[in-house]
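Asks: Take a look at the following structure, please.
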Amino acid sequence: QLQASGGGLVQAGGSLRLSCAASGRSFSTLFMGWFRQAPGLEREFIAAIPWSGGRTYYANSVKGRFTSSRGNAKNTIDLQMNSLKPEDTAVYYCAAARFYGGIYPALNEYEYWGQGTQVTVSS
């Protein structure tokens, strides 16, 4: 089970830190992903990070502004979002994948999804 938290309302240029808490199984062999979905748009890849550590992959739209890492709390993955823009407004989801065919999982390879947390960036 995955649960994302930390969303909220922030002004453009501000920061938010999302957290994804994992429970119910061992996630040590999984790849974790962050996605977002704005109204009327498809779910968009944000970042992918192996639970056990290693290289993290980012979408070009957030590279240099967002950072995903293991959280301070046990069994959590965080997404630090800086220099937020109005176009970052969306529901943010965390997900986990066991099997994938590329360097990191594609959207349809994620098996476990959190419920989403709303991020709203005002201009």
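Asks: Of all residues in the range 60-102, which are small (Gly, Ala, Ser), modelled with pLDDT of 90 or more and over 16 Å from Phe31 (Cα atoms)?
Replies: Ser61, Gly64, Ser83, Ala90 - these are the residues of the range 60-102 that are small (Gly, Ala, Ser), modelled with pLDDT of 90 or more and over 16 Å from Phe31 (Cα atoms).
Asks: Select from the range 43-84 the residues that are in a loop (DSSP other than H, G, I, E, B) and either surrounded by 15 or more Cβ atoms within 10 Å (Cβ to Cβ) or under 11 Å from the mean Cα position of the chain (by Cα) (or both) and list them in ascending order.
Replies: Narrowing the range 43-84 to residues in a loop (DSSP other than H, G, I, E, B): 43, 51-56, 59-65, 71-75, 82-84.
Matches in the range 43-84: Arg43, Trp51, Thr56, Ala59, Val62, Arg65, Gly71, Asn75, Leu84.
Asks: If you don't mind, another one. Which residues, taken from the range 9-39, are open to solvent by 50 Å² or more (accessible area, probe 1.4 Å), in a loop (DSSP other than H, G, I, E, B) and either closer than 15 Å to Phe66 by Cα or at pLDDT 95 or above (or both)?
Replies: Result: Ala12, Gly13, Ser15.
Asks: Still on this structure: Cys20 passes all but one of (1) over 17 Å from Ser122 (Cα atoms); (2) out of contact with any Gly (no Cβ under 8 Å at 6 or more places or on another chain); which number fails?
Replies: (2)
Asks: Looking at the range 58-71, I want the residues that are within 19 Å of Ile103 (Cα to Cα) and have a partner that is open to solvent by 20 Å² or more (accessible area, probe 1.4 Å) and part of a loop (DSSP other than H, G, I, E, B) with Cβ atoms under 7 Å, at least 6 apart or on another chain. Which pairs are those?
Replies: What qualifies is Ser68/Thr56.
Asks: Out of the residues in the range 103-114 meeting the condition of being farther than 14 Å from Phe27 by Cβ and free of Cβ contacts under 8 Å to residues at least 40 places away in the same chain, tell me which one is surrounded by the fewest Cβ atoms within 10 Å (Cβ to Cβ). Show your work before the answer.
Replies: Taking the range 103-114 as the starting set, the residues that turn out to be farther than 14 Å from Phe27 by Cβ are 103-104, 106-109.
Okay, now just the ones that are also free of Cβ contacts under 8 Å to residues at least 40 places away in the same chain, so 106, 108-109.
Details: Ala106: 13, Asn108: 8, Glu109: 16.
So, considering only residues that are farther than 14 Å from Phe27 by Cβ and free of Cβ contacts under 8 Å to residues at least 40 places away in the same chain, the one surrounded by the fewest Cβ atoms within 10 Å (Cβ to Cβ) is Asn108.
The values are calculated or read from the model by the stated rules, or taken from the named source; none is laboratory data. It should be emphasised that the depicted structure is a prediction, and the values quoted were computed from it without experimental measurement. Here Cβ is always computed from backbone atoms with ideal geometry, including for glycine, and neighbour counts include all displayed protein chains. Surface areas here come from the heavy atoms of the whole protein model, side chains and all, with no ligands, DNA or RNA. Shrake-Rupley method; radii C 1.70, N 1.55, O 1.52, S 1.80 Å.
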